[in-house]
1. So, counting K/R as plus one and D/E as minus one, what does the shell of residues with Cβ under 15 Å around residue 219 add up to?
2. What full-extension length gain, to one decimal in nm, is calculated for residue 171 and residue 42 as 0.36 nm per residue of separation minus the Cα-Cα distance?
3. What FRET efficiency would be calculated for the residue pair residue 225, residue 350, taking the C-beta separation as r and a Förster radius of 45 Å, to the nearest 0.05?
4. Along Cα→Cβ, 7 Å out, is where each label goes; now give me the distance between the ones at residue 340 and residue 215 in nm to one decimal.
5. For 275, 244, what's the fewest-to-most ordering of other Cβ within 10 Å of each Cβ?
6. If I model a spin label at residue 328 and residue 134 as a point 7 Å from the Cα along the Cα→Cβ vector, what separation in nanometres do I get?
7. Loop-only trypsin sites (Lys or Arg not before Pro) in region 104-166, please: DSSP not H, G, I, E or B, and at most 14 other Cβ atoms within 10 Å.
8. Note down the nm distance, to one decimal, between modelled labels 7 Å out along Cα→Cβ at residue 195 and at residue 239.
Amino acid sequence: MKLLYGVVGEGMGHATRSKVVIEHLESRGHSVKIVASGRAFHFLSQAFPDVVEIAGLTLHYDNGAVNRERSLLHNVLLSPRMILDNASAYFEEVRGFGPDLVISDFDSFAHLFARRHGLPVISIDNQQIIHRCKHDKDIQDGLELDFQTTKTFVKAKLPGCDHYLITTFFFPKVRGKFAHNTTLVPPILRKAVLDVRPTRGDHVLVYQTSTSDQQLLPTLKKLRNRSFVVYGLRRDAVEDNCVIKDFSEDGFVADLASARAVVTNGGLSLLHEAIYLGKPIFSVPVRHQFEQEMNARYLEKLGYGLSAPSLQSDTLEWFLQQESRYVAALSAHRQNGNQVLCQCLDSLLDRLVRRKQPRKHPADTEPPR
């Protein structure tokens, strides 16, 4: 089967998750053409031979928060050029592929291609949980504006998919009108994480997504009796009780697997991996990014860790003193690798393609004259 797979470029979690799914699809004999933007394109093009670069939207951050105005202005200015670039990719590389079905990880280009040509389309992402599930008041409290804004955006991003597979570590009730084509599945995990054996060392793994936070290291250095391994600052160094490491997948997974706890934002990929490996999590979500705020609140609600608006040394020390109760809660988490997601996806591919009558591919259709 020929599959077009679209991957949004904002945040590397989409790319690493999609890599796992695409490897599974290829192992089943499917031919996959990938369209991706931003960092996702550069990451996936190193792993797969058939990756097309498209333009995508980006977010801008200031002092640990999404800058709504700057993000909107940048994307409005970018849109005309983005449309031209994506139209070129469509005519030159995608249309001739003639896919049987489209999969989108929050990517609009692949979704629009499917709708334009009447192809079945499957959504695989985590954002759809915001729109398609019910969330208790304590998850939304104080975040009503961000919730409604994000919910409206997610609703409009990939409408009318044949099925929505939502990856998640928490399982709210699906809204009644979406129950027929929405399935919540456990997190998608990298092979390196599935293969590693977790241990409990002395260090705390810290992942920082922004190099502009000048308070991170001074805060960690106040806890002189604690040891920290810090990723995300894009350099190698040792400063007091902090070992700073530039990123490498093998090194990061090894340090994660042997950590006693994890300090990170509210991005889902690392949360998923830490939960799977049984690591208590101190989460400082990016402000005005509702998805991260939501993830952090569910994390705390399940007893897997602590959510805080900022990283303070006294709060972090209290969290580390409570780690045994977080470890106990995490021990109840169960997941059999990526088996549930793969079984659901294989079943959907078979059902959706069989449901369609034989038809001409887009490449075989002459344009109107």
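1. Around residue 219, the surrounding residues sum to -1.
2. Details: separation 129, 0.36 × 129 = 46.44 nm, distance 3.24 nm.
Going from the current span to full extension adds 43.2 nm.
3. Numbers: r = 56 Å, r/R0 = 1.25.
Result of the calculation: an efficiency of 0.20.
4. With each label point 7 Å from Cα toward Cβ, the separation is 3.7 nm.
5. 244, 275
6. Label-label distance for residue 328 and residue 134, simple model: 3.1 nm.
7. Working: sites: 115, 116, 132, 134, 137, 151, 155, 157; in loops: 134.
Sites meeting the loop and neighbour criteria: 134.
8. Spacing of the two 7 Å Cα→Cβ label points: 3.4 nm.
Each value in this text was obtained by applying a stated rule to the coordinates, not by laboratory testing. In this text, all values refer to a predicted model and were calculated from it rather than measured experimentally. Note: ideal-geometry Cβ built from the backbone for every residue, glycine included; neighbour counts use all protein chains shown.
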